[in-house]
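Undergrad: Input: one structure, supplied below.
The values are calculated or read from the model by the stated rules, or taken from the named source; none is laboratory data. Keep in mind that what you see is a predicted model, and the values were worked out from it rather than measured. Cβ: placed from backbone, ideal geometry, glycine included. Neighbour counts: every protein chain shown. Note: areas computed on protein heavy atoms with side chains; ligands, DNA, RNA excluded. Shrake-Rupley method; radii C 1.70, N 1.55, O 1.52, S 1.80 Å.
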Amino acid sequence: FYGDVDHSNPLPFATNVFAFHVVPDLGAAANFGTVNGIAGHPASGKLFIADDAGVLSCSMTSNTLVTNIVGQSAPPNPPGAGPISQVVINDNVLLAIGDSGGAKTLHFGSLDVSGNFTARSGSPVTIGSISSPQLVVHPVNRQVYIMGDTSSNIVKSSAAIDALAGETTFVAIALPAEASSWNTKRIGIGP
């Protein structure tokens, strides 16, 4: 679902001003199952959706669905693809976490103004076996930080998102001992 918000209206969420609409290519009839993540790309106005088959994209009009962006294939997935658990867009860089037989991989590449994805050389890179990985991009150093829900560590990329390549590595940042007793972990960076 999506909603258009008119911020010029003093009450943008008032009845008869705001309404939700089904994303045309992602209605129940499309049968995509569980969505694992959604990211918007402001330059193209497209949504990018992580699901168990890969990354899809579409706009808010019918017949704009694009599949096979990252990892799209019928099971069993080829190495390096697998289910996509998260998709993040930062500026014009798309990041997606896939599962290749238990080892997690980070797919990365560029989006053009029309929302077309081009994988960068060396994509994907292995990030290890992280349970339910979540990723964020640091707003200042632009490095990628990834944490799992059962991990006591955060891993940090050796390169900023604009320079991710096949030789990118991830180094563990140890969390305090108290963090090991947390049942569910979430990651964020701010302000």
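Undergrad: Over the chain, with a Gaussian network built from C-alpha contacts below 10 Å, which listed residue (Gly37, Gly101, Gly27) shows the highest mean-square fluctuation?
TA: Among Gly37, Gly101, Gly27, the largest GNM mean-square fluctuation belongs to Gly27.
Undergrad: If you don't mind, there's one more thing I want to ask. What is the spin-label model distance, in nm, from Phe1 to Asn116 if the labels are put 7 Å beyond Cα along the C-beta direction?
TA: 3.5 nm
Undergrad: What residue among Asn92, Asn116, Asn31 has the largest mean-square fluctuation in a Gaussian network model of the chain, using Cα springs under 10 Å?
TA: Fluctuation is largest for Asn31.
Undergrad: Let me ask you something else. Calculate, in whole percent, how much of the Cα-Cα pair population of the chain lies beyond 19 Å.
TA: 62 percent
Undergrad: State the extension gain, in nm to one decimal, for the chain segment bounded by Thr169 and Ala43, taking 0.36 nm per residue of separation less the distance between their alpha-carbons.
TA: Length gained, Thr169 through Ala43: 42.4 nm.
Undergrad: Between Ile189 and Thr15, what is the FRET efficiency for a Förster distance of 41 Å, r being their Cβ-Cβ separation, to the nearest 0.05?
TA: Here the calculated transfer efficiency is 0.65.
Undergrad: Return the single residue from Ala119, Ala19, Ala53 with maximal mean-square fluctuation; model: Gaussian network over the chain, springs between Cα atoms under 10 Å.
TA: Ala19
Undergrad: Could you give the accessible area per residue of segment 1-159, probe 1.4 Å, as a whole number in Å²?
TA: 49 Å²
Undergrad: Pull up the cross-link candidates among the aspartates and glutamates for Lys156, meaning alpha carbon to alpha carbon under 15 Å and not fewer than 8 places away within one chain.
TA: Glu167
Undergrad: While we're looking at this one, here's another question. Can you sort Thr126, Thr168 by 1.4 Å-probe accessible area, starting with the largest?
TA: Thr126, Thr168
Undergrad: If exposed means no more than 12 neighbouring beta carbons inside 10 Å and the site is in a DSSP loop, what's the longest run of the chain without any exposed chymotrypsin sites (Phe, Trp or Tyr not before Pro)?
TA: Result, exposed sites excluded: 14-181.
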